[in-house]
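Down below is the structure, laid out as structure tokens.
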There are 4 protein chains.
Amino acid sequence: MPAGTRIGVLTGGGDCPGLNAVLRAVTRKGIAVHGHEIVGFRSGWQGPLEGNTMPLGLDAVEDILARGGTILGSSRTNPYKETDGVERIKRTLAEHEVDALIAIGGEDTLGVAERLTQDGVPVVGVPKTIDNDLDATDYTFGFDTAVHIATEAIDRLRTTAESHHRALVVEVMGRHAGWIALHAGLAGGANVILGPEKRFSVDQVCDWVQQRFERQYAPIIVVAEGAIPQDGEEVLQTGETDAFGHVRLGGVGTWLADELSRRTGKESRAVVLGHTQRGGTPTAYDRVLATRFGLHAVDAVSEGAFGKMVALRGTDIVRVPLAEATAKLKTVPLSRYAEAEVLFG
Amino acid sequence: MPAGTRIGVLTGGGDCPGLNAVLRAVTRKGIAVHGHEIVGFRSGWQGPLEGNTMPLGLDAVEDILARGGTILGSSRTNPYKETDGVERIKRTLAEHEVDALIAIGGEDTLGVAERLTQDGVPVVGVPKTIDNDLDATDYTFGFDTAVHIATEAIDRLRTTAESHHRALVVEVMGRHAGWIALHAGLAGGANVILGPEKRFSVDQVCDWVQQRFERQYAPIIVVAEGAIPQDGEEVLQTGETDAFGHVRLGGVGTWLADELSRRTGKESRAVVLGHTQRGGTPTAYDRVLATRFGLHAVDAVSEGAFGKMVALRGTDIVRVPLAEATAKLKTVPLSRYAEAEVLFG
Amino acid sequence: MPAGTRIGVLTGGGDCPGLNAVLRAVTRKGIAVHGHEIVGFRSGWQGPLEGNTMPLGLDAVEDILARGGTILGSSRTNPYKETDGVERIKRTLAEHEVDALIAIGGEDTLGVAERLTQDGVPVVGVPKTIDNDLDATDYTFGFDTAVHIATEAIDRLRTTAESHHRALVVEVMGRHAGWIALHAGLAGGANVILGPEKRFSVDQVCDWVQQRFERQYAPIIVVAEGAIPQDGEEVLQTGETDAFGHVRLGGVGTWLADELSRRTGKESRAVVLGHTQRGGTPTAYDRVLATRFGLHAVDAVSEGAFGKMVALRGTDIVRVPLAEATAKLKTVPLSRYAEAEVLFG
Amino acid sequence: MPAGTRIGVLTGGGDCPGLNAVLRAVTRKGIAVHGHEIVGFRSGWQGPLEGNTMPLGLDAVEDILARGGTILGSSRTNPYKETDGVERIKRTLAEHEVDALIAIGGEDTLGVAERLTQDGVPVVGVPKTIDNDLDATDYTFGFDTAVHIATEAIDRLRTTAESHHRALVVEVMGRHAGWIALHAGLAGGANVILGPEKRFSVDQVCDWVQQRFERQYAPIIVVAEGAIPQDGEEVLQTGETDAFGHVRLGGVGTWLADELSRRTGKESRAVVLGHTQRGGTPTAYDRVLATRFGLHAVDAVSEGAFGKMVALRGTDIVRVPLAEATAKLKTVPLSRYAEAEVLFG
């Protein structure tokens, strides 16, 4: 893309610490090095659908590196579920003289990016997921921040658990992958870690809990919101609506705390970290990763590498096909749970 | 009390950041200045009831200043509800040659301390409550830490609320007094603050929420767990057991989020901070206050000031009668809510 | 002051976490409750001298509560040292139709505010000092944040000191008053605390250090930058320019570390916290105090209480004459050092 | 190694957050899975030289995961510089019936481990360096914590720099490699980043600083302690002893601040983060990495993989020859500075 090209950028899906760091890097490098103009589209794919834009200049991104969320706003809008979605996007881009897009998002957003590229809209992707469950990159930004917040909570909960000889169940994010549970559990010294990859036995959990009490310590159980008990019990998940029309806060976590109280006779309590895990200032790790993703994404656009996504491999930022990025969910290998399990109890 | 006196110390009620700082100060000053020996009683009033002790020397308290919880453990045992409670305590003290007690706790623990002193067991009290609802002292340690944690959570939630144009309801501790809600709400720039001192109107809350959305920002509502809606709706509180035998996580907070979604049509979500508010390392403020309370409590014992409690007045540590300390709950004056309300919306 | 009055506000002297919280509270309450317009003057007294203003509306203060520093900028300019200073200020206020000022600052800024009020410019003061050395208020905002940062540093330094059996000297702010050293020292469990109020004996410090090493622990010495050794040694202070024209970093702290190494034979190192103590997001405590100061200052203006300053007494915000506020430096009473000293070694 | 084998473990060189996490993982897995006994040697190689040990059982490591430093203590003792060093170590191991060692340390410690293995003492290495300058591993634990602390400091310094229109120079660790400067600089949004890999031009730095001031913002300059100005000026480094016998605090950082003041006429100040960067609780990232290193190190011992070191490659823990690990310093590639440079000014 020649200097002077106008590049659009948008953030889709759930918010995630580091999105603003990507926007800043894209804008600064796009302007300073490549001579591009950067146009922000608001609220995910709604922006290019509806022509809702904001200019991104040096001043607009001056103070956003350390801020959580996204100054562009986000949404879960999918243009392929909207009437004439692709046409409307093409029309918007033409009107705003935008020649290429950078789409920052998770599986859904990147899936759209992939299809749009095939449909003639040149897009480069930047992977984003709190859950770290995208297969084509070693890590995604936002994950380290979520793990940091959950670990801090576990540190706090440990002293109160010990003082009251009480079990504490901490429910963390992770519908389909247990990365946050695994890493925060390891970092917080959890005595049990349960992820969605493998149904768990409540009896086994009770054993670890009892072992811990027998050693005169209090157990912390970290459970991903998507974890499922082995005996197939139907547990409503956090965020689902129950029979009374109420949005549920605490699914498997509160259920498990009740079970532990009942089965072990020891007082057990649940804490659901919820949205605190995805907000606020990103960790240094996530700021660096997000910044590097942004710098490399704008290079990819300049070099016309559309249909590609930036990704982390070891310490390098590489480009991978968008198709590959969204092909497969990256769940926690069972070997990683086994590695951690020697520290349980 | 002459040098060589053995002084017992215990921590009762819910745990609270700063308890260990009190224990350290009592032990170090008791030994170094007054030549006392310090005996720790475990698990609140269970300790003196059952003779369950641990020696507190310089090494035992070396590394505990910055740690949450209490190395003595705690409980809600009340000797006046136990058979021969007072006699058993007297017997334990005689056996261990302990001549006086320092009792660190809230309303219940200090109430016992007051009665025991009248019944011939010399006790000095140290006030402790996360909720800051003891009338005889300007502040109690643990409160600043709870406010700090809740404020940090609000800071995090703000960016996620803004990115998704969503209302977030944060339920904080405070059954009978709204101090944590008020201070964390002020510190976090909450757009609505609701405490238990005054029934709230959901319509009024909806107004503030709408105002906020109209200004193109997202609202944060901070609600104390004990807050009650005006129209007298029965809302189950966090920690209560529901009709199905499940311990409830999220009472008024989750209820209010549902109401807001329903009435305003804007997506609303609840976060319940729960036990994370009472654990972990105390803030510098709480460490200083707890340390000073400990230093002054051991002085009070040395000077035979039994039936008294140490308290903060302005910047001074003073002594007040235990009877006074437990006479009245310190709720938030309505004028303080009015002061904050100008910042709502 | 009637509704519609234009009120000016400025921040003078060194920056301090909480200044923006005051500006936000003044603006929001001034507009919403009193119907005032709020005009920000930039760079302390330079603003009214040179007519350098920025309008402060609801959007301008929307996102500043949690930010350190001051969006108005600051300076140490003193209008009484400028030609026709007072006249120029009066002219600026007339031009901008500003009828009253709120001046947020320390001893110097408030001293100017006091004189200006006498010279016919109606000013209300808001006290600000990291050092907590203003006599007319229990605490000033910024102080708790500085203590928090210093305490966190001490916590970090303790583990490295212990691992290497090494003494660590931490130099904190405090030219004339040792409040930060005292509170951070107490909160961090320092083994020696030295303030400017009383010359210290290096021999005595060595004794405490040796005691600590003999107990198989490593000593942390917290020293205010203004502390002075007893034998009258000339120690250059942090920030002063040395004989070679270099700005000095580390005065008494680095000197003391060298002395300790030399006299005790134990490896000693200094850390100078410097400007990290005055920046960044304010603690919850400081945000609440600053917010309340702002709310009450704008009330004071509305009620015409000029020549007054808002102040904290216990848990109340009161008004005190500016003359009183700047009459006397609030140093640490020697009794407070004595209270802490029982924890040394 | 069969069950029942006694394994020794030691920590050498400068302390580093995460050391205790390694010790805990080694101990827990060594005991629970392999049936080993774990013997801690105190103070680096001094321990095996002098037979200074402490038993490491489950209780000893219960509460250390989140603590900085090392419960074993550390030193820079090199057995190859001691008389009969190797013989003395062999004798100690024989006396304590220790069959293998795990040595946790940096270049020097691992160099000794390599030679000892060749001399018949079976050792497995665990890499440790704050500076991240070991070539055979993607990252070392401690580095993320150092970057986190430095980033937090930069965040704080930014608001004070802006309020006073002042340049702030932050000197961070890094004698030979600029990894901390680069990552903290990127994460903190530094306007200049200077590492030891390439001599810097003060004129160029002045240009970036001026650019920043012209855009009405304040510049933050992050400089590694080992950075060297281009014109070959002799700058004393932090920690070196000056002509007057004083240990220097602030080398290139304070020098550069003086130069910037002089050349640009803008007030410039230096902050030297010093030892605060290496102490205190490790980040979640470092706790996970250190724990995994520990788990894999004890496996390596069990499988007799001596002369090897555990290392991170992507997301995997692998084994590499110790010889390879210490062959080459991993400095920052110039391409990484170039990547960051587009964000300067």
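If you go through the range B:172-187 and keep only what is within 8 Å of chain C (Cβ to nearest Cβ) and over 20 Å from B:G14 (Cβ atoms), you end up with B:L186, B:A187. Scanning the range A:1-23 for residues that are touching an Asp or Glu at 6+ places or on another chain (Cβ under 8 Å), surrounded by 24 or more Cβ atoms within 10 Å (Cβ to Cβ) and farther than 21 Å from A:Q277 by Cα turns up just one, A:I7.
Within the range B:29-48, the set of residues being surrounded by fewer than 24 Cβ atoms within 10 Å (Cβ to Cβ) and over 24 Å from the mean Cα position of the chain (by Cα) comprises B:K29, B:I31, B:A32, B:V33, B:H34, B:G35, B:E37, B:V39. Considering C:G14, C:G40, C:G30, C:G47, the condition of being on the phi < 0 side of the Ramachandran plot and assigned to a loop (DSSP other than H, G, I, E, B) is satisfied by C:G14 alone.
Quick grid of which residues meet (1) more than 14 Å from chain B (Cβ to nearest Cβ); (2) farther than 21 Å from A:A311 by Cα; (3) in contact with a Pro (Cβ under 8 Å, 6 or more places away or on another chain):
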{"residue": "A:P2", "(1), (2), (3)": "yes, yes, no"}
{"residue": "A:P17", "(1), (2), (3)": "no, no, yes"}
{"residue": "A:V22", "(1), (2), (3)": "no, no, no"}
{"residue": "A:A25", "(1), (2), (3)": "yes, no, no"}
{"residue": "A:K29", "(1), (2), (3)": "yes, no, no"}
{"residue": "A:A32", "(1), (2), (3)": "yes, yes, no"}
{"residue": "A:E50", "(1), (2), (3)": "yes, yes, no"}
{"residue": "A:E62", "(1), (2), (3)": "yes, yes, no"}
{"residue": "A:I71", "(1), (2), (3)": "no, yes, no"}
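Kindly evaluate C:V271 against the criterion of being within 10 Å of another protein chain (Cβ to nearest Cβ) and aliphatic (A, V, I, L, M). Spelling it out, C:V271 is indeed within 10 Å of another protein chain (Cβ to nearest Cβ) and aliphatic (A, V, I, L, M).
Of everything in the range D:313-330, what is of a type in the set (S, T, Y) and surrounded by 19 or more Cβ atoms within 10 Å (Cβ to Cβ)? Give them in sequence order.
Answer for the range D:313-330, where residues must be of a type in the set (S, T, Y) and surrounded by 19 or more Cβ atoms within 10 Å (Cβ to Cβ): just D:T326.
If the requirement is being surrounded by fewer than 23 Cβ atoms within 10 Å (Cβ to Cβ), in a helix (DSSP H, G or I), in the same structural domain as B:M54 (by TED's automatic domain parsing) and not hydrophobic (A, V, I, L, M, F, W, C), which of these qualifies: B:G111, B:G120?
Values: B:G120 fails: in a helix (DSSP H, G or I).
Of the residues listed, the single one that is surrounded by fewer than 23 Cβ atoms within 10 Å (Cβ to Cβ), in a helix (DSSP H, G or I), in the same structural domain as B:M54 (by TED's automatic domain parsing) and not hydrophobic (A, V, I, L, M, F, W, C) is B:G111.
Of C:L334, C:L322, C:L329, all but one fail to be more than 13 Å from chain B (Cβ to nearest Cβ) and either closer than 30 Å to B:G30 by Cβ or of a type in the set (F, W, Y) (or both); the exception is C:L334.
Being among the small types (G, A, S) and within 19 Å of A:M1 (Cβ to Cβ) is the filter; apply it to the range A:88-108 and report the residue that is surrounded by the fewest Cβ atoms within 10 Å (Cβ to Cβ). Across the range A:88-108, the extreme among qualifying residues is A:A94.
Pairs please, first residue from the range C:250-264 and within 11 Å of D:R248 (Cα to Cα), second anywhere and of a type in the set (G, A, S) and at pLDDT below 90, Cβ atoms under 8 Å, 6+ apart in sequence or on different chains. Correct list of pairs: C:G250/D:G250; C:D258/D:G245. Looking only at residues of the range A:306-319 that are in contact (Cβ under 8 Å) with a residue 40 or more places away in the chain and touching a helix residue (DSSP H, G or I) at 6+ places or on another chain (Cβ under 9 Å), we find that the one that is farthest from the other protein chains (Cβ to nearest Cβ) is A:G307. With a requirement of 1 or more residues that are modelled with pLDDT of 95 or more and β-branched (V, I, T), the helices (runs of 4 or more DSSP H) lying completely within the range D:272-344 that satisfy it span D:284-302. Total residues in the range A:138-148 satisfying the condition of being more than 9 Å from chain D (Cβ to nearest Cβ) and farther than 16 Å from A:V22 by Cα: the figure is 1. Candidates in the range B:73-87 are the residues that are surrounded by fewer than 22 Cβ atoms within 10 Å (Cβ to Cβ) and in contact with an Asp or Glu (Cβ under 8 Å, 6 or more places away or on another chain); of these, the one that is farthest from the other protein chains (Cβ to nearest Cβ) is B:V86. For the range D:65-78, state whether one or more residues are within 19 Å of the chain's Cα centre (by Cα), charged (D, E, K, R) and in a helix (DSSP H, G or I). Looking for residues that are within 19 Å of the chain's Cα centre (by Cα), charged (D, E, K, R) and in a helix (DSSP H, G or I), one finds none in the range D:65-78, hence no. Scanning the range D:136-151 turns up at least one residue that is under 23 Å from C:G250 (Cβ atoms) and touching a strand residue (DSSP E or B) at 6+ places or on another chain (Cβ under 6 Å).
Filter the range B:19-33 down to the residues that are among the charged types (D, E, K, R) and either in contact with a strand residue (DSSP E or B) (Cβ under 8 Å, 6 or more places away or on another chain) or touching a residue at least 60 places away in the same chain (Cβ under 8 Å) (or both) and list them by number. Even if it seems obvious, please write down each step before you answer.
Residues of the range B:19-33 among the charged types (D, E, K, R): B:24, B:28-29.
Selection gives B:R24, B:K29.
Of all residues in the range D:96-113, none satisfies being farther than 15 Å from D:V320 by Cα and free of Cβ contacts under 8 Å to residues at least 60 places away in the same chain.
On inspection, C:D144 fails the criterion of being at pLDDT below 95 and not basic (K, R). Beta carbons closer than 6 Å, at least 6 apart along the sequence or on distinct chains, pair a first residue in the range C:276-293 that is within 16 Å of B:G185 (Cα to Cα) and within 14 Å of chain D (Cβ to nearest Cβ) with a second that is hydroxyl-bearing (S, T, Y) and surrounded by 24 or more Cβ atoms within 10 Å (Cβ to Cβ) for C:P282/C:T145; C:T283/C:T145; C:D286/C:T145.
So which of A:A190, A:A224 ends up being of a type outside the set (V, I, T), surrounded by 24 or more Cβ atoms within 10 Å (Cβ to Cβ) and either under 20 Å from the mean Cα position of the chain (by Cα) or within 17 Å of B:G274 (Cα to Cα) (or both)? Residue meeting the stated conditions: A:A224. Of everything listed in (1) farther than 22 Å from C:F143 by Cβ; (2) outside any strand (DSSP E or B); (3) within 14 Å of chain D (Cβ to nearest Cβ), the single unmet condition for C:R91 is (3). C:H164 meets each of the listed conditions (1) surrounded by fewer than 24 Cβ atoms within 10 Å (Cβ to Cβ); (2) at pLDDT 95 or above apart from (2).
Residue count for the range A:252-280 under the criterion of being surrounded by fewer than 24 Cβ atoms within 10 Å (Cβ to Cβ) and of a type in the set (V, I, T): the result is 1. Remark: D:K128 falls outside the filter, which requires a residue to be assigned by TED's automatic domain parsing to the domain that holds D:R319, closer than 23 Å to D:A325 by Cα and without any contact (Cβ under 8 Å) to a residue 12 or more places away in the chain.
The values are calculated or read from the model by the stated rules, or taken from the named source; none is laboratory data. All values reported here derive from a predicted model rather than from experimental measurement. Quick reminder, even Gly has a Cβ in these numbers, built from the backbone with ideal geometry, and neighbours come from all protein chains shown.
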